[in-house]
1. Condition test on residue 242, is it at pLDDT 85 or above, over 29 Å from residue 11 (Cβ atoms) and either of a type outside the set (A, V, I, L, M, F, W, C) or touching a helix residue (DSSP H, G or I) at 6+ places or on another chain (Cβ under 9 Å) (or both)?
2. Is it true that residue 165 is of a type in the set (Asp, Glu), closer than 25 Å to residue 40 by Cβ and open to solvent by less than 20 Å² (accessible area, probe 1.4 Å)?
3. Taking region 11-28 as the search range and keeping residues that are open to solvent by less than 50 Å² (accessible area, probe 1.4 Å) and either touching an Asp or Glu at 6+ places or on another chain (Cβ under 7 Å) or part of a loop (DSSP other than H, G, I, E, B) (or both), which one is modelled with the lowest pLDDT?
4. Please specify each residue of region 108-121 satisfying the condition of being out of contact with any Phe, Trp or Tyr (no Cβ under 7 Å at 6 or more places or on another chain) and either closer than 20 Å to residue 163 by Cα or not in a loop (DSSP other than H, G, I, E, B) (or both).
5. Restricting to region 82-107, name every residue that is open to solvent by less than 30 Å² (accessible area, probe 1.4 Å), under 14 Å from residue 63 (Cα atoms) and in a loop (DSSP other than H, G, I, E, B).
6. Within region 122-132, is even one residue open to solvent by 30 Å² or more (accessible area, probe 1.4 Å), without any contact (Cβ under 8 Å) to a residue 60 or more places away in the chain, of a type in the set (S, T, N, Q) and not in a strand (DSSP E or B)?
7. If residue 178 meets every condition in (1) hydrophobic (A, V, I, L, M, F, W, C); (2) buried (at least 18 other Cβ atoms within 10 Å of the Cβ); (3) within 22 Å of residue 67 (Cβ to Cβ) apart from one, which number is that one?
8. Show the residue pairs meeting these rules: Cβ distance below 9 Å; 6+ apart or different chains; first residue within region 134-154 and at positive phi; second residue charged (D, E, K, R).
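The values are calculated or read from the model by the stated rules, or taken from the named source; none is laboratory data. Please read all numbers here as calculations on a predicted model, not as lab measurements. Cβ coordinates were reconstructed from backbone atoms using ideal geometry, including for glycine residues, and neighbour counts include every protein chain displayed. Each accessible area value is taken on the protein alone, full model and side chains, heavy atoms only, with ligands, DNA and RNA left out. Shrake-Rupley method; radii C 1.70, N 1.55, O 1.52, S 1.80 Å.
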Amino acid sequence: MYYQEPITPYSKAAGPKREQVETMFNRIAPTYDRLNHSLSLGIDRRWRRKAIDALKPFAPQTILDIATGTGDFAILAAQRLDPDRIIGVDISEGMMEVGRKKVKEAGLDNVIFFSKDDSTNLSFSDGTFDAVTVAYGARNFDDLEAGLKEMCRVLVPGGHLMLVELTTPPHFPMKQLFHIYSHTVMPFIGRHISHDDSAYTYLPQTMAAFPQAEELKPLMLHCGFRDVQFQRFTFGLSTMYLATK
């Protein structure tokens, strides 16, 4: 069984991780998109495109986007994969409210729908979706193993999981440079734009704690997936995982 001491945005006395993460994302929702693209210098857009395009050979028609946030990944998936339906789930209503506005502006409100749901205890039936995606949200799960098992459960047999997550570069000198950036520049910019002192201190902590590719692959196999592949982007700043049920 996989276990990791939970990293929380605020003090441990502030309550369970799930509740703290929900509070944090509700607070930073209005500035989240601007911060995301600023902190990654826009490179995250390329990472998202590569991850979504890896699903093209499978032509999924029903997609569940977990930790959908403001819907960026769901919108891009709708545009590049042309599915019948995407359901984006998140625990933060504040983030999804921003997402609903973006989806409507993009003319995709007949394809993309939002629902509040817990990634570790999804409300959907077994074998509901052709593909499950999660972009830059798995590190916020209260229980990563439970989340992976739920993703596997709601997939149809032969369905695919696409998970892309921020990771720490494994090699010199990017590893050392990123450590400096993530512990000085990232919290400074995040604090001044989001006005949340903890949110962008929490981010690099979760990145450092999240299991790297060689650790996550066996956990995904343990949770019911097969043919687990991974690919690192930009010196290991982000890692994409593709797996089959």
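1. On the way: at pLDDT 85 or above: yes; over 29 Å from residue 11 (Cβ atoms): yes; either of a type outside the set (A, V, I, L, M, F, W, C) or touching a helix residue (DSSP H, G or I) at 6+ places or on another chain (Cβ under 9 Å) (or both): yes.
So residue 242 fits the description; yes.
2. Numbers: of a type in the set (Asp, Glu): yes; closer than 25 Å to residue 40 by Cβ: yes; open to solvent by less than 20 Å² (accessible area, probe 1.4 Å): yes.
When the stated conditions are applied, residue 165 passes them.
3. Pass one, region 11-28, residues open to solvent by less than 50 Å² (accessible area, probe 1.4 Å): 15, 17, 20-22, 24-25, 28.
If we keep only those that are either touching an Asp or Glu at 6+ places or on another chain (Cβ under 7 Å) or part of a loop (DSSP other than H, G, I, E, B) (or both) too, we end up with 15, 17, 24, 28.
Working: 15: 85, 17: 91, 24: 92, 28: 92.
Top of the filtered list is 15.
4. Filtering region 108-121 for residues out of contact with any Phe, Trp or Tyr (no Cβ under 7 Å at 6 or more places or on another chain) gives 108-118, 121.
Selection gives 112, 113, 114, 115, 116, 117, 118, 121.
5. 83
6. yes
7. Just one mismatch for residue 178, condition (3).
8. These pairs meet every condition: 136/44; 136/48; 136/165.
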